[in-house]
Amino acid sequence: MPAIKFTKNELKKQKDALKRFERYLPTLQLKKQQLQMVIRTVEQQEREKRTAREEVRGGIDSWIELFGEEQDIVGLVKIARLETETGNIAGVDIPVFKSIAYEDIAYDLFETPLWLDAGIAAMKNLIALETELGILQEQVKLLNQELRITSQRVNLFEKVKIPETKDNIRKIRIYLGDQQTAAVVRGKIAKKKVVEKAS
């Protein structure tokens, strides 16, 4: 902590700093609350996507053995385009899932089993869910980083800067008050000596 000067200018500087800190702190606290709320919402969306993914996997499990034996279904599902956009939450840029498009891969309808169309649709759904889940996890990661930084700033203002500035103001006021009292006492002593010399 730099040494403070015991002057009126320093007192004004400390008071101005305290006003700034007290004006900025509620904004930080609001940002912290907003981030916490958004993180809870995104985590809920993440849980829902996980549940949906498990349901799709559960539906596939009944006939998954057929994939390996008769047809390579993974080779028939390829991502052509993944669209995301950047969203902004409380000053944090986060990726937002927009859409996913798949390549149209031709296959012979006469030489492939009937379940293949349902399998391809299920795989596309599973890939979309996995992609959305990955983006939601990235959102949570970025929001948690910003929440940590914001929490550190809130703590810095609440526990360090504001108390430190208030203590500096108190010390400067005491010092200036003592100096003013000493000046009054010196003035009275000087006046008394002037009166004594005049008599």
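Observations, loosely collected:
- Residues in the range 1-32 that are assigned to a helix (DSSP H, G or I) and among the aromatic types (F, W, Y) were compared, and the one that is surrounded by the most Cβ atoms within 10 Å (Cβ to Cβ) is F21.
- When residues in the range 150-199 are screened for being in a helix (DSSP H, G or I), farther than 17 Å from P26 by Cβ and among the hydroxyl-bearing types (S, T, Y), 2 of them pass.
- All positions within the range 78-97 that are exposed (fewer than 13 other Cβ atoms within 10 Å of the Cβ), in contact (Cβ under 8 Å) with a residue 40 or more places away in the chain and in a strand (DSSP E or B): D93
- Selection of the range 154-199 for residues being surrounded by 10 or more Cβ atoms within 10 Å (Cβ to Cβ) and small (G, A, S) yields G177, A182, A183, G187, A190.
- Given (1) under 30 Å from R40 (Cβ atoms); (2) among the aliphatic types (A, V, I, L, M); (3) not in a helix (DSSP H, G or I), index of the condition A128 fails: (3)
- Residues of the range 160-199 satisfying the condition of being acidic (D, E) and more than 59 Å from the chain's Cα centre (by Cα): E196
Rule-based calculations on the coordinates, nothing more; no lab input. The shown structure was predicted, so the numbers you read here are calculated from the model rather than taken from an experiment. In this analysis, Cβ positions are derived from the backbone assuming ideal geometry, glycine residues included, and neighbour counts consider all displayed protein chains.
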